[in-house]
Every structure is written in structure tokens, then in C-alpha cells.
Amino acid sequence: MALSALSSLLFLRAGSAEQYRRRTPPPAYRPRGRHHRAIFISDVHLGTRGCKAELLADFLACNSCETLYLVGDIIDGWQLKRRWLWSEEQSRVIAEILHKADTGTRVIYLPGNHDEFLRPYCGRVFAGIEIVGETIHETADGKRLLVLHGDKFDGVLGCAKWLAHLGDTAYCFTLALNDRLHALRRRLGLPYWSLSAYLKRKVKNAVEYVSRFEEVVARAATPKSVDGVICGHIHHAEIRRIGPILYLNDGDWVESCTALVEDAHGHMEILHWASSIPASAPTRFSAGAEGEAALIPA
Ligand SMILES: [Mn+2]
């Protein structure tokens, strides 16, 4: 069963995480790391081809913190139901997280929609990782920030849910399909209709979706007597004030490779890990170009 395979991967390996971590060769290029009061990451989508596991494992190895928040969609359980893709680099991400939990970092996992199979375990602790639905993070300067994945606002937005499944690969595929469709429609005597133009319009809607999502999240946080809200879900890192609420989104590790970090004084910042590595550095891949597809909610 898929879940048992996953739990063995996640938790039964916990004992060997340290050996595994030591066995893994260090990255060819290691940018200088930093210590943070807190690190927030989300939308890693482990188990998918799109996950930039090598960059994330390096980021985790290079950056230490007192508290690590895993703000949902860390493991892609939807993909697990279709075709499970796992790599050594993805194992290294798990090993780095477990290493942090083993060496004094508080690790808090807030499940998202892709890892909703963990939601029944909210309130429990596995391998030193606390699983919670949502929580409040208090910054060094006393700001109270609500932390949650953010998918619960999808319903409020009423956005076409199929967009969530449309990656850039699917988009390229539809461009090719467009020609075939056009030929078929012509043979049937139907007027030209562009599937790709239709999808582009939908992607434009996704851009609007981002700003609407941010406003809805901020509005929902306002009556909760918090100073701000930290979430993920839409793969779009951001720090901005929306009315009385500070809206923070930690981005993703599929396209932009971003993390939200807090320093010792409570200052919050978005780190772009991929762009901190010089182009000459020998990495096996580069992060996906930031484009329209990066804005598609997931
Ligand atoms: Mn999500």
C-alpha cells in the first residue's frame, strides 16, 4: 500500500538518516550558509519530476535554524497515486530534514493539499517532526504570524481547480496538440479555435488568482488578532502588507527555489537559492525559468 511505503520511507529510515547523510558526497558547489531564527519552506513536491531536490538538499545542508517550518505540499501524495518518482537527491532532502530534527532544530510540518494524507496525524510527532494543521509563529520582535499551507482558500476563490494540475509540460504539450486539433476541426468544417490561446487566457487568470489569493488570505487572518500570515500553495513568494496584515509566502521548490527566513531581530526575507549559485557552478540542472507557468496555483 502506498501509505505504508511512504511511512517506511519517511520514518523507518529515520535511524539510518545520519548514516545516509554521511554517505552522500558533498555538493560540488556549496554557497556560504547562514543561521536563521526560522526557515519556512513549502511546495517541494517530493515524488515528482519537477522537485528541485538537489538544490533544496544543498540549501538545507547550508542553512541552519532554530525552527524549520514545512508549510505543506512537501511530499506529493497525488503523484504517489499515479507514478512515484524518487531519486537519491530526494532521499537527501529527507535525510537533511531528519538531521535537523535530530540535532536540536524544532521541525514543524503543516500538511498541504498534496500531502493531505498526513492531516489525520495532526497533533502527533513522528521522528521528532511535529505535525500540525496551523500554528502561530512569534517573531523575535514579537509579531504574531499565522502559519498555514493556504489551500483552504481555494473554495473561497472558486478558481478552476484543473489549473492546479496544469504544469508547463502540459502547456507545451497542448501547443503541439493545438495544431492537430486545428487540422481536425478544419476537416469537420469547424472554425479555427486556439486551444493554446484559451490556455494562455487561463494562465492570465492565474496571475489574477495570485493577487486575489493574497487578499483573501489576508482578509481571513484579520479577525484572528495576528500581525500577519505565512503560507505557501500558490508557488509565488511574496512579502507585502495588505491592509493591517503582513502577507508572507515562502514560494516553492519546483520553479523558483525560494525560502522565507527570519533573522535574530525578527526581520523576514525571501531567499532565492538558485540565483545565489553562480552560473559557472557545476550543478546538474538549473531552476526552472520564472515564467507564466510558475504562477499556476498548485
Ligand atoms: Mn498546495
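The values are calculated or read from the model by the stated rules, or taken from the named source; none is laboratory data. Treat the numbers as computed from the prediction; the structure is a model and nothing was measured. Neighbour counts are summed over all protein chains in view; Cβ atoms, including those assigned to glycine, are modelled from backbone coordinates with ideal geometry.
Restricting to the stretch 229-269, name every residue that is more than 12 Å from residue 147 (Cα to Cα), of a type in the set (A, V, I, L, M) and within 15 Å of the ligand (Cβ to nearest atom).
Residues satisfying the conditions are 234, 237, 254.
May I ask you to list the residues in the stretch 207-228 that are within 15 Å of the ligand (Cβ to nearest atom) and in contact with a Leu (Cβ under 8 Å, 6 or more places away or on another chain)?
209, 210, 213, 216
Here's a check for you: in the stretch 134-162, which residue that is within 12 Å of the ligand (Cβ to nearest atom) and either surrounded by 13 or more Cβ atoms within 10 Å (Cβ to Cβ) or modelled with pLDDT of 80 or more (or both) is nearest to residue 226 (Cα to Cα)?
The extreme case among them is 148.
Suppose we keep only residues that are modelled with pLDDT of 95 or more and surrounded by fewer than 22 Cβ atoms within 10 Å (Cβ to Cβ) within the stretch 64-88. Which one would you say is farthest from residue 259 (Cα to Cα)?
My answer is 66.
Examine the stretch 43-53 for a residue that is at pLDDT 95 or above, surrounded by 15 or more Cβ atoms within 10 Å (Cβ to Cβ), within 19 Å of the chain's Cα centre (by Cα) and of a type in the set (Ser, Thr, Tyr), and state whether such a residue exists.
no
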